[in-house]
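Enquirer: Sharing a structure here in structure tokens format.
Just so it is clear, none of the values below were taken in a lab; they were calculated from the coordinates. Nothing here was measured: the structure is a model prediction, and the numbers come from that model. Using ideal geometry, Cβ is built from the backbone for each residue, glycine included, and neighbour counts are taken over all protein chains shown.
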Amino acid sequence: MSESPSALGFRMPAEWEPQEGVWLSWPHNLETWPGKFEPIPPKFGEITATISRFEPVFLNCPEDLQVSAVKCLIHAEAEMEQVRFFDHPTNDSWCRDHGPIFIRHDETGEIAATDWRYNSWGGKYPPFDLDNNIPGRISEALGLRRFVFEQVLEGGSIEVNGAGDLLTTEACLLNPNRNPNLSRAEIEGALRQGLGVDRILWIGEGIIGDDTDGHVDDLARFYASDGIVTCLETDRDDANFPILEENLERLKTLRTRDGDRFKINTLPMPEPCVHEGQRMPASYANFLIINEAVLMPTFRQGDRDSEATSILACCFPDREIITIDCFDLVWGLGTLHCISQQQPESMVDVRC
């Protein structure tokens, strides 16, 4: 790669900017949801159907799974003209992490793909060779320019506001199971060059039960260029309490590009979700922003689910907040944002 995406004028748009569609990888790995796989394909059908009301859905789904996938989609009343299948085999379904991270050139409108190395969160769940090939396959299928990086990077580990700021965690990006030979400064440099950002904002640890070593999309998310919504635990006896308190304090020290404090809204944490003795990384912060709507995970917790819905409605007053029951889905250790990757629309500068 002779010139970096940043040097060429590309940047990673914020998730709320107009989207061409959303990528998903159809579920098939029974070991991801051991003993609880049966409800997962119908849940993906529901999620696909919901997104299809607003924009296209692109499915990495090998040919031998497409007949059963179509049945799930029809049953969920998906807008089938909005769904496009790609014969791309995967090892698993976490498209946020194994899919390409898309960037856009705001002057020309060109969409390109950045292809970072994927090692299944530090080699935890081999094999992952098919997943690592997905950015290349998508780039080829769409005819997109592709920028290949040797560094490990997962989409769920970063959050951008489209205005040059990137939020991430030390727990994940500085973990030696990702890029052990790179310093913090070198990792920051790769992010700047690859994603067109110029400020890297760091917080600390991830929530209990998160096998990704602390992805930021379970912790804190931009809802505007100067606004962050972050999780907070009110039970002092909960193991997440000190983790989220520290992250909140660090967020309070950050400043916008104009030198002001970020507007910070807090989301409640769900009551602990435990299955077979294992605490799962249930978080309302794992929402997905799409055109005109926000999909938010819920966990069958009544008042807490409602409280989180109301907070996100305040953060996104011009979008419909749609709740998706993710009680079964989170047994795979991720929910809506983890399974998806948005592809920005090709258009001239629309940042907000």
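Enquirer: Over all pairs of distinct alpha carbons, what does the Kirkwood formula give as the hydrodynamic radius of the stretch 2-151, in Å?
Expert: 16.4
Enquirer: I'd like the projected area of the stretch 153-251, averaged over all directions, using the convex hull of its alpha carbons. Report it in nm² with one decimal.
Expert: Averaged projected area of the stretch 153-251's Cα convex hull equals 6.2 nm².
Enquirer: If packing is taken as the average number of other Cβ atoms within 10 Å across a peptide's residues, how do 186-194, 332-340 rank, most packed first?
Expert: Result, highest mean Cβ count within 10 Å first: 332-340, 186-194.
Enquirer: Over the stretch 1-109, what relative contact order in percent results from Cα pairs under 8 Å that are six or more residues apart?
Expert: 37
Enquirer: Sticking with this one: Please express the Cα-Cα pair-distance distribution P(r) of the chain as a list of whole percents, one per 20 Å bin, running from 0 to the bin with the greatest distance.
Expert: Computed distribution, short to long bins: 32, 63, 5.
Enquirer: How charged is the neighbourhood of Thr50? Take every other residue with its Cβ under 15 Å from the Cβ of Thr50, and add Lys/Arg as +1 and Asp/Glu as -1.
Expert: -4
Enquirer: How large is the charge dipole for the chain, taken about the Cα centre, if only the Cβ atoms of Lys, Arg (+1) and Asp, Glu (-1) carry charge, to the nearest 20 debye?
Expert: Computed about the Cα centre, the dipole is about 460 debye.
Enquirer: Let me ask another. Which order results if Val67, Val57 are arranged by neighbouring Cβ count within 10 Å, fewest first?
Expert: Ranking Val67, Val57 by Cβ neighbours within 10 Å, fewest first, gives Val67, Val57.
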